[in-house]
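Have a look at the structure below, then the notes.
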2 protein chains.
Amino acid sequence: MQPAIIGDLRAAFDATTVLTGVDIDARYHTDMAGIAVAPPIAVVRPRSTDEVSRFLRICHQARVAVTTQGGMTGLVRATMPMPGEIVLSTERMNAIEEVDTGGGVVITQTGVPLQRLQERVGEVGFMFPLDLGARGSCTIGGNISTNAGGNRVIRYGMTRDLVLGLEAVLADGTILKGVRKYIKNNTGIDLKQLFVGTEGTLGVVTRAALRIFPAPAEQQVALCALPSFDKVRALLDLSRKRLGGDLTAFEAMWNSYYRLTTELVKGVAAPLPTNHPFYVLMESSGSDGERTRADLEKLLEEALGEEIILDATIASSGAAAAAIWRIRDSSVELSRAIAPSAGFDISLAIDRMEAFADAIEMGVKTIDKDAFAIVFGHAGDGNLHVNAKYSPLADKQEEMTKLVYGITGDFGGSISAEHGIGILKRPYLGLSRTAEEIETMRTLKRALDPHHILNPGRIFEI
Amino acid sequence: MQPAIIGDLRAAFDATTVLTGVDIDARYHTDMAGIAVAPPIAVVRPRSTDEVSRFLRICHQARVAVTTQGGMTGLVRATMPMPGEIVLSTERMNAIEEVDTGGGVVITQTGVPLQRLQERVGEVGFMFPLDLGARGSCTIGGNISTNAGGNRVIRYGMTRDLVLGLEAVLADGTILKGVRKYIKNNTGIDLKQLFVGTEGTLGVVTRAALRIFPAPAEQQVALCALPSFDKVRALLDLSRKRLGGDLTAFEAMWNSYYRLTTELVKGVAAPLPTNHPFYVLMESSGSDGERTRADLEKLLEEALGEEIILDATIASSGAAAAAIWRIRDSSVELSRAIAPSAGFDISLAIDRMEAFADAIEMGVKTIDKDAFAIVFGHAGDGNLHVNAKYSPLADKQEEMTKLVYGITGDFGGSISAEHGIGILKRPYLGLSRTAEEIETMRTLKRALDPHHILNPGRIFEI
């Protein structure tokens, strides 16, 4: 029997907007963490903020829960429908409305894939600096609701830092028209912060004003090999000193990541031998091509002279730079190639990273003697990704999770740097937030979504 | 007769913590906007987060309102006590607890004056980039609760962008222990955002983890004279292109500001003649002193050659740089020198600024034929300050306010870029926020401070 709300939705929207039964494609209940136990009771695909508002008002009155979906590239099961939920797909809210180069702002609907926005802005000589491996499928709405980080945080910050204004719909259908272009706007409580990184639990973001920057004339990418993590830190310090604001990425890879990715992932080559303990991908961006390259060359020469690095290569073309980036961007493909493994995304102080990684490596072997850790990440932002590879004979996810988060806690880290909490990490939220903080999150949830219809049970239990 | 709560406070704290009657100095009811109609019923001066918590619990139970004070340099009457309120002074929470250069973080209590934090961080070769004219007296807590902007937003963002973690106390005394050092920490709702820029209405911030950066080896300051605002924009575009991330300040001054400040404010000299239509103060920061200066010289030569600027001087010493900065930093002194005037702080698109300023200049003369406008500000951030000077025969504050905000609205601007709303701008909040937004602010206030004891009536009426 169909739930009563389906009739209300069919009456309120045209047939292409409301999908049910066999019309619901599996992609609405499949994400990068797997497939849902049941399909949603309906998929609603609004085209506008007003349609989202009308839809939520119906759900609010009927007390039916909604999960909002972007590109389904999340890793924590935040947008996988739970039984009885309706999916709100943003896929038809995909208009880039305005690119304002004078003001340095793009205004877009939130169903737009990140890469399409990057390309559109690139056409007029600008850049939207947010960038991550899932760029082709993840959406701006997903980026905002997870406060996505990615490859250029070291220079441009997280998604939160790029958001100037948002239009969002509250659980009861109230529209907050906050698409404004100002960098500075201290007029009361900054409501848009409620919708950044809150995983769709406090509202649905429909439109955004985002910062864009003149595209640097030149980007230079280098790959370095290093003998120890101390040297990784020394290279970061030296790069900051020599390149200043031109340093736009600093990605560290432990040997296991670099070696296995270049060995196992199709189409990924190794520009440097695979026997070095550590690798760093550096990107430098500047307005003067020759100087940017000369500065990077000089920096690498100095680092070689001081024995900070053992070897290095600077990409000689755009294609070569893309090939180096492909190593770092293939983490999902690597985790598929080595399955089963348990993946983690943690923050901790850079001076604890080496000891942390060593403790993880020792720890995983106590659970499974064939297990090993693959460590890589945004070292310059205090953010590491860890893949704990174990043998396929038994499911070790939970044991690995407890181990890794236990060690993360011991080292004073956070259990989620950029991936979020969703359902998967919910049991562990208390490791990174106090009881009072979680209770205050619940207070906000109750105030803004009293019937708990927006992504209920994600982040914390209600 | 003393209110009953005074006895409870005296019982809970030592005598130096609770001041009443003649022990209350006038500075607790005087700010830059004037003096309160009545002194507070008490001044409480806690030393720690725990003391703030105990204090607020007493006030919450007694339903007595509290206004939290930092350096009293605000311009919107947010911390001036209203009749019957208690002042929470942060003046004894003044410890800088840790300067972590490895992690790029300083941990501090919030009663610390900005300049003291800048100096402490400077001792170890680092910088806390927030900077504004009131640096000597404004406090970190005030900077956070107003989301202060200032002179280096163009490179380092607003205070919000510099906050890594906060410890805050809710109205009922609940302590949120959120002092964490991570740049990335996507673990649920980012509660610290509730306390940034909310003018003490949602909680009291007691400790903060703030980002610090290696101090640039070299800062170069130039002052330029320009023939038109179009050229100011052209200089900004050229500076961004040539200096990139090294451009750390870009401050525009209309003729009236530059001329009157250098003529009327004691100790402020004019390094360039006072007859040019526009002036720009630029600051460039880099790791290589010679190159930073050479780059700036080259930029100014190019700008002279292209007739973007008419004249320029680069400070030849730290003292000369400070003298140029003093022109821009003397806005409060100027407004005192020309009193009476009405001051405003607005955001708008840079391509509307010239027409906006012209409309203001015409408008003020329709109110008072002797009136004129003084315009200056952080042009690179889309932020202007306006002083409408009028003749002392009649109070024109309200008329000027309506005029300036009306024109701001016509030009699509925001009525507060960095100063906040407080009591003074509350009647005009609806010009920059929708009814639904203001109602959502009230929802948050009710949820977190159900008895409305924290700075009640600031930002919006309860």
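The values are calculated or read from the model by the stated rules, or taken from the named source; none is laboratory data. Everything numeric here is computed off the predicted structure, so don't read it as measured data. All Cβ positions, glycine included, derive from the backbone under ideal geometry; neighbour counts span all protein chains shown.
Return yes or no: is A:I367 within 14 Å of another protein chain (Cβ to nearest Cβ) and touching a Lys or Arg at 6+ places or on another chain (Cβ under 9 Å)? Considered against the rule, which asks whether it is within 14 Å of another protein chain (Cβ to nearest Cβ) and touching a Lys or Arg at 6+ places or on another chain (Cβ under 9 Å), A:I367 comes out as no. Counting only residues that are assigned to a strand (DSSP E or B) and of a type in the set (S, T, Y), region A:302-357 holds 3 of them. Here is a list of conditions, (1) surrounded by fewer than 17 Cβ atoms within 10 Å (Cβ to Cβ); (2) assigned to a loop (DSSP other than H, G, I, E, B), and B:G71 meets all of them except one; can you say which number that is? Failing condition for B:G71: (1). Determine if region A:430-441 includes at least one residue that is surrounded by fewer than 24 Cβ atoms within 10 Å (Cβ to Cβ), over 21 Å from A:T73 (Cβ atoms) and either at pLDDT below 95 or more than 11 Å from chain B (Cβ to nearest Cβ) (or both). So far as region A:430-441 goes, yes, one or more of its residues are surrounded by fewer than 24 Cβ atoms within 10 Å (Cβ to Cβ), over 21 Å from A:T73 (Cβ atoms) and either at pLDDT below 95 or more than 11 Å from chain B (Cβ to nearest Cβ) (or both). Within region A:18-40, being buried (at least 17 other Cβ atoms within 10 Å of the Cβ) and more than 28 Å from the chain's Cα centre (by Cα) holds for A:V18, A:L19, A:T20.
Going by what's in this entry, would B:M80 be described as over 30 Å from B:Y428 (Cβ atoms) and crowded, with 23+ Cβ neighbours inside 10 Å? Can you show your working first?
Working: over 30 Å from B:Y428 (Cβ atoms): no; crowded, with 23+ Cβ neighbours inside 10 Å: yes.
Taking the combined requirement at face value, the residue does not satisfy it.
Checking each residue of region A:370-385 against the condition of being within 14 Å of chain B (Cβ to nearest Cβ), farther than 15 Å from A:F278 by Cα and in contact with an Asp or Glu (Cβ under 8 Å, 6 or more places away or on another chain) gives at least one match.
Scanning region A:442-462 for residues that are under 13 Å from A:G203 (Cβ atoms) and within 10 Å of chain B (Cβ to nearest Cβ) yields a total of 4.
Of everything in region B:426-462 that is among the small types (G, A, S) and free of Cβ contacts under 8 Å to residues at least 12 places away in the same chain, the residue that is nearest to A:R446 (Cα to Cα) is B:A447.
Can you find, within region A:151-170, the residue that is nearest to the other protein chains (Cβ to nearest Cβ) among those that are touching a Ser or Thr at 6+ places or on another chain (Cβ under 9 Å), of a type in the set (A, V, I, L, M) and under 20 Å from A:G203 (Cβ atoms)?
Within region A:151-170, the match that is nearest to the other protein chains (Cβ to nearest Cβ) is A:L170.
Residues of region B:442-462 that are under 15 Å from B:M82 (Cβ atoms) and surrounded by fewer than 22 Cβ atoms within 10 Å (Cβ to Cβ): B:H452, B:I453, B:P456, B:G457, B:F460, B:E461, B:I462. Filtering region B:360-378 to residues that are small (G, A, S) and either in a loop (DSSP other than H, G, I, E, B) or more than 15 Å from B:S256 (Cα to Cα) (or both) leaves B:G363, B:A371. Restricting attention to region B:190-209 and to residues that are aliphatic (A, V, I, L, M), more than 9 Å from every other protein chain (Cβ to nearest Cβ) and under 14 Å from B:G142 (Cα atoms), the residue that is surrounded by the fewest Cβ atoms within 10 Å (Cβ to Cβ) turns out to be B:V204. I'm checking my understanding of the structure. Among residues of region A:213-239 that are aliphatic (A, V, I, L, M) and within 14 Å of chain B (Cβ to nearest Cβ), which one is surrounded by the most Cβ atoms within 10 Å (Cβ to Cβ)? Of everything passing the filter in region A:213-239, A:V232 is surrounded by the most Cβ atoms within 10 Å (Cβ to Cβ). For region A:171-189, filtered to residues that are facing chain B (nearest Cβ under 7 Å) and among the hydrophobic types (A, V, I, L, M, F, W, C), the residue that is nearest to B:F460 (Cα to Cα) is A:I189. Scanning region B:415-462 for residues that are more than 27 Å from B:G157 (Cα to Cα) and of a type in the set (S, T, N, Q) gives a single hit, B:T443. For residues in region A:313-348 being more than 21 Å from A:T274 (Cβ to Cβ) and surrounded by 18 or more Cβ atoms within 10 Å (Cβ to Cβ), which is nearest to the other protein chains (Cβ to nearest Cβ)? Going through the qualifying residues, I end up with A:S347. In this structure, A:V205 does satisfy being in contact with a strand residue (DSSP E or B) (Cβ under 9 Å, 6 or more places away or on another chain) and not in a loop (DSSP other than H, G, I, E, B). Screening B:R242 on (1) surrounded by fewer than 24 Cβ atoms within 10 Å (Cβ to Cβ); (2) farther than 30 Å from A:E461 by Cβ; (3) at pLDDT 95 or above; (4) not hydrophobic (A, V, I, L, M, F, W, C) shows it passes everything except condition (3). Residues of region B:407-438 that are acidic (D, E) and in contact with a helix residue (DSSP H, G or I) (Cβ under 7 Å, 6 or more places away or on another chain): B:E437 alone.
Looking only at residues that are surrounded by fewer than 24 Cβ atoms within 10 Å (Cβ to Cβ) and touching a Ser or Thr at 6+ places or on another chain (Cβ under 7 Å) in region A:123-133, which one is modelled with the lowest pLDDT? Going through the qualifying residues, I end up with A:G133. From the list A:A222, A:A171, A:A209, the one residue that fits, being at pLDDT 95 or above and in contact with a His (Cβ under 7 Å, 6 or more places away or on another chain), is A:A171.
Counting only helices (runs of 4 or more DSSP H) that sit completely within region A:95-181, those holding 2 or more residues that are out of contact with any strand residue (DSSP E or B) (no Cβ under 8 Å at 6 or more places or on another chain) and without any contact (Cβ under 8 Å) to a residue 40 or more places away in the chain correspond to A:114-122, A:159-162. Considering (1) touching an Asp or Glu at 6+ places or on another chain (Cβ under 6 Å); (2) more than 12 Å from chain A (Cβ to nearest Cβ), the lone condition that B:G420 does not fulfil carries the number (2). Scan region A:441-462 for residues that are in contact with a strand residue (DSSP E or B) (Cβ under 7 Å, 6 or more places away or on another chain) and assigned to a loop (DSSP other than H, G, I, E, B) and the total you get is 2. Would a scan of region A:364-384 turn up a residue that is surrounded by fewer than 22 Cβ atoms within 10 Å (Cβ to Cβ), aromatic (F, W, Y), under 23 Å from the mean Cα position of the chain (by Cα) and at pLDDT 90 or above? The answer is no; no qualifying residue exists. Which residues, counting only those in region B:360-400, are on the phi > 0 side of the Ramachandran plot and in contact with a Gly (Cβ under 8 Å, 6 or more places away or on another chain)? Result: B:G382, single match. Restricted to region B:229-262, and to residues there that are of a type in the set (S, T, Y) and assigned to a helix (DSSP H, G or I), the residue that is farthest from the chain's Cα centre (by Cα) is B:S239.
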